[in-house]
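Structure, as structure tokens:
What follows draws every value from the coordinates through simple rules; no lab data is involved. Small disclaimer: the values here were computed from a predicted structure and weren't measured. Don't worry about glycine lacking a Cβ; one is built from the backbone with ideal geometry, like all the others, and counts go over all protein chains shown.
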Amino acid sequence: MKNRLLFSCILGLMLFGSNSDAQNVIRQQPCTSPEILKQADSIKSILAKQGFLVIKEASMQMVSEYEMPVIVPLTEGSWYQFVFIGDMSSKLYEVRMYDWNEKQVVYQKKYWGDVDGNVISYSYIPQFTEFHMIKPVQVNKKKKDICGYVMLLKKVK
């Protein structure tokens, strides 16, 4: 019986493999957009003068009409500023933020024609120390693959 079980295990490994490549891992790919990077630098400079320090920032390759979840740890009572910068040719930009209990705590939507249409920025002071999920999305009718940029800043002064 033990030999039969051992043989079955070995046969299963041979047929299905134990290769780690079987688990495809999706990794976020950064993208570069000179326009977005220029906007990000300008926003960082303005917020630094207001006492905010960049905690996390990343450029990210996005697909039109698909949310890109970003998970961040936030500390109770701290003052945070979140910034999302989308591709300038997109028509719609949205950001939703959820707390650990999956309760939506922030929702913002902007359109291309708005004055600062491709930038969504908001302040947030969490009531609990916990992870939050931020889900930016943008809709672009001309391009499927688009660039986005996220920043999380914390008030330090």
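Given 0.36 nm per residue, what is the gain on full extension from residue 45 to residue 143 after removing their alpha carbon distance, in nm?
On the way: separation 98, 0.36 × 98 = 35.28 nm, distance 2.99 nm.
Length gained between residue 45 and residue 143: 32.3 nm.
Taking amide H positions as placed 1.01 Å from N in the peptide plane, with prolines and chain starts having none, which residues 5 or more places from residue 91, or on another chain, fall under 5 Å of its amide H?
It is 139, 140, 141, by chain and number.
Each residue of region 126-143 in turn: what ³J(HN,Hα) in whole Hz from Karplus with 6.51, -1.76, 1.60 and θ = phi - 60°, glycine and Pro shown as x?
Here the 3J(HN,Hα) series is x, 8, 9, 7, 6, 6, 10, 10, 10, 10, x, 8, 9, 10, 10, 7, 8, 10 Hz.
Let me know the shape class of region 71-157, please: from the alpha-carbon gyration tensor, a ≥ b ≥ c as square roots of the eigenvalues, rounded when a/c is under 1.5, otherwise prolate if a/b is greater than b/c, or oblate. Can you show the working numbers first?
Details: a/c = 2.48, a/b = 1.93, b/c = 1.28.
Note, shape of region 71-157 comes out prolate.
Applying the Karplus parametrisation 6.51 cos²θ - 1.76 cosθ + 1.60 with θ = phi - 60° to the phi angles of region 145-157, what ³J(HN,Hα) value in whole Hz is obtained for each residue in order, glycine and proline being reported as x?
With coefficients 6.51, -1.76 and 1.60, one gets 8, 9, 9, x, 9, 10, 9, 10, 10, 10, 6, 10, 10 Hz.
Let's test the formula: R0 of 22 Å, r as the Cβ-Cβ distance of residue 157 and residue 127. What FRET efficiency results, to the nearest 0.05?
Here the calculated transfer efficiency is 0.45.
Given a cut-off of 26 Å, name the pairs among 49/143; 44/157; 103/144 whose C-alpha atoms lie farther apart than that in the structure shown. Please report the intermediate quantities before stating the final value.
Details: 49/143 35 Å; 44/157 15 Å; 103/144 29 Å.
Too far apart for the 26 Å limit: 49/143; 103/144.
Rounded to the nearest 0.05, what FRET efficiency is calculated for residue 55 and residue 108 with R0 set to 22 Å and r the Cβ-Cβ distance? Present the calculation step by step, with values, prior to reporting the outcome.
Working: r = 20 Å, r/R0 = 0.89.
Efficiency, from the Cβ-Cβ distance: 0.65.
Which FRET efficiency, nearest 0.05, do residue 32 and residue 66 yield, Cβ-Cβ r, R0 22 Å? Don't jump to the answer; show the numbers that get you there.
Details: r = 20 Å, r/R0 = 0.91.
Step by step, r from the Cβ atoms, then E = 0.65.
Can you compute 3J(HN,Hα) from phi for each residue in region 91-101, using the Karplus curve 6.51 cos²θ - 1.76 cosθ + 1.60 with θ = phi - 60°, rounded to whole Hz and x for Gly and Pro?
9, 9, 9, 9, 9, 10, 10, 10, 7, 4, 8
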